[in-house]
Each structure stands twice: as C-alpha cells, then as structure tokens.
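The structure appears right after this line, and notes come after that.
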Amino acid sequence: MRWKGRRQSSNIEDRRGARSPFPRRMGRGVPIRLPGGRSGGGLSLSTIIILVVLFFGLRAIGIDPLEMLAEGPQSGGPTVERSAANDEMRRFVGVVLAETEDVWHDIFSAQGETYQEPVLVLFGGQVGSACGFASSASGPFYCPGDRKVYLDLDFFDELARRFGAAGDFAQAYVVAHEVGHHVQNLIGILPRFNEMRRGMSQAEANAMSVRVELQADCFAGIWAYYTAQKGLLERGDVEEALNAANQIGDDTLQRRTQGHVVPESFNHGTSEQRKTWFARGLESGRVTDCDTFNGTL
Ligand SMILES: [Zn+2]
C-alpha cells in the first residue's frame, strides 16, 4: 500500500509501555494476568476455574467479557520493546486509521449522518478497556462500550509468521475490520446483537456472530474499494487481504490448531465466507451490499 507521507490519524492512543493496563477508574485490586497465550497444551483445571470465576466476577460488576469481540486467532507471547520497526508500524496504522476516517466520513455524510471517529489503542501485553481487560492473546478487538479498537502491534508478526498472512495490506485489513465493528456500533447493529444474544443458545449466538463478523469483513472491503480508487493499492495488496481472510477463517484455524473442524463453534465465518464478503465490499463499495443478516452467507 502506498501509505508513506499520507495523513496520520490523531485518534491513536499509545499505551505501550504503560505501567498498569488498568484504567484508574476501575480501581479494583491488583492486576490479574490472564493465563493463556501460545503454549500448545490445554488449560489446566485451576486455570479454567480462574477463568470461570473471572468471567462471572466481571459479569457481576457489569462487564461482559463476551462483548469485547476479540478476533479469532489466539496470539500472544513475549512483548517486544518499542523498536524502529514498531514505530514504522505505528505510523502505518495511523495512516490506515486516517484513511478509514476519510472513507466513513464520506459514506455517512452522503446519508446525512455524521461519522464519529473511533480511537485506536496500541498496547503491549495486556490492556484495560470498558469491556474489561484483555491480554494480547485475545488478538485485536473492538470494545463498543468505549468505542475503541485495541491492537497489540505484535499481532502483525503473529499474522505473518504463525498464520501465514504477511504483507501490509493484510494488516490494513485487520484494522479496517475492527473499524467495521465500530461502524456497526454506530449504526446500531452491535447493540442489537448484544441485546439479542442474551436470550440465545451458544450455537445461535455463534451463528449470529458469524453474520456480524462477515459484515465487518465486507465493511473492510468497502474501505479497500475506496483505497483502490485513490490509487493507493500496490500489486498484490488485494491478494494479501484475501489471503489474510482465508488464513483466519474458522475452519482453517481449527484445522490448524485442533486438526478437525466444529462448525457449530464457528463465530467468524469460514475462510471462503470471509474472502467472499471482503470481496463483495471491495467490488461495489456499497454498504447495501453488506447485508449479511438476510439470506445465505
Ligand atoms: Zn471481528
């Protein structure tokens, strides 16, 4: 992507190197490090108990961890110190975020609406949000409660090395997808989803989640459509995004991590679906072509 020299968003909140991931207002006891990460083995019983207690504890204080919309691949691992490469990455993310602002401002104002820009929080290791706290292992996520996208730049390394999705446009797709969730929040889709899934079985909630996620992919495609129109795409960029969509499809991920697929547990969509919906947004650039809630996917 031809991004150098372009405007950077002023909506980046850099929390890398922050002493505590917990916002002061949460002020509840000592920070707890979420177990998990890249270790290959299963969770120990005590870990599961901690997670369950944590889960219901958070719910009891009104934070729903499920609302964080954490993305598929479980990343994690050691946090690298801020390096030159990392700062280059930060600038890149700043430009991609700015480009999403421009695109969505135009689309909203064409409808007589005003687009409210999200904040993108860069963090390392773990982070506190209005949706609770998360570790890098959750992958990038969007929190509707504070309208912020959370991203650990190390995830891009994981994306390239572990998930076979290298390239700057694969990274741009990830950012644009999270911003897609923000758009869904603004237009009322996320609030409705979070309302509805309280009365759903896990399988139903997963199926609905797939529709939400595929729409975010389609919205990322819309962003790519306008980026292409501005002449910012380089040869191979679209393929990079499609490859990323393919590599982080639920079936591909499950086949890689557990050797078999469990379709009822899919919550982001198959590789084929993710590619299809990204491509649909990319082809037309129209929000009306991103209706994943009616018809087959
Ligand atoms: Zn998502």
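The values are calculated or read from the model by the stated rules, or taken from the named source; none is laboratory data. Treat the numbers as computed from the prediction; the structure is a model and nothing was measured. Counting neighbours? That spans all protein chains shown, and the Cβs are built from the backbone with ideal geometry, glycine included. Side chains are part of the model used for accessible areas, which takes the heavy atoms of the whole protein and leaves out ligands, DNA and RNA. Shrake-Rupley method; radii C 1.70, N 1.55, O 1.52, S 1.80 Å.
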Quick one: how many residues across the stretch 137-155 are more than 12 Å from the chain's Cα centre (by Cα) and not in a loop (DSSP other than H, G, I, E, B)?
-> 2
For the stretch 202-217, what are the residues that are within 21 Å of Asp168 (Cβ to Cβ) and touching a Leu at 6+ places or on another chain (Cβ under 9 Å)?
-> Ala216
Could you check Glu117 against (1) touching a Ser or Thr at 6+ places or on another chain (Cβ under 9 Å); (2) open to solvent by less than 30 Å² (accessible area, probe 1.4 Å) and say which number it fails?
-> (2)
Those helices (runs of 4 or more DSSP H) lying entirely in the stretch 160-254 with at least 1 residues away from the ligand (no atom under 16 Å from the Cβ) and open to solvent by less than 50 Å² (accessible area, probe 1.4 Å) | 168-186, 202-229, 237-247
Would you call Gly139 under 21 Å from Lys275 (Cβ atoms) and within 16 Å of the ligand (Cβ to nearest atom)?
-> yes
Exception for Asp157 within (1) acidic (Asp, Glu); (2) open to solvent by 30 Å² or more (accessible area, probe 1.4 Å); (3) within 16 Å of the ligand (Cβ to nearest atom) falls at (3)
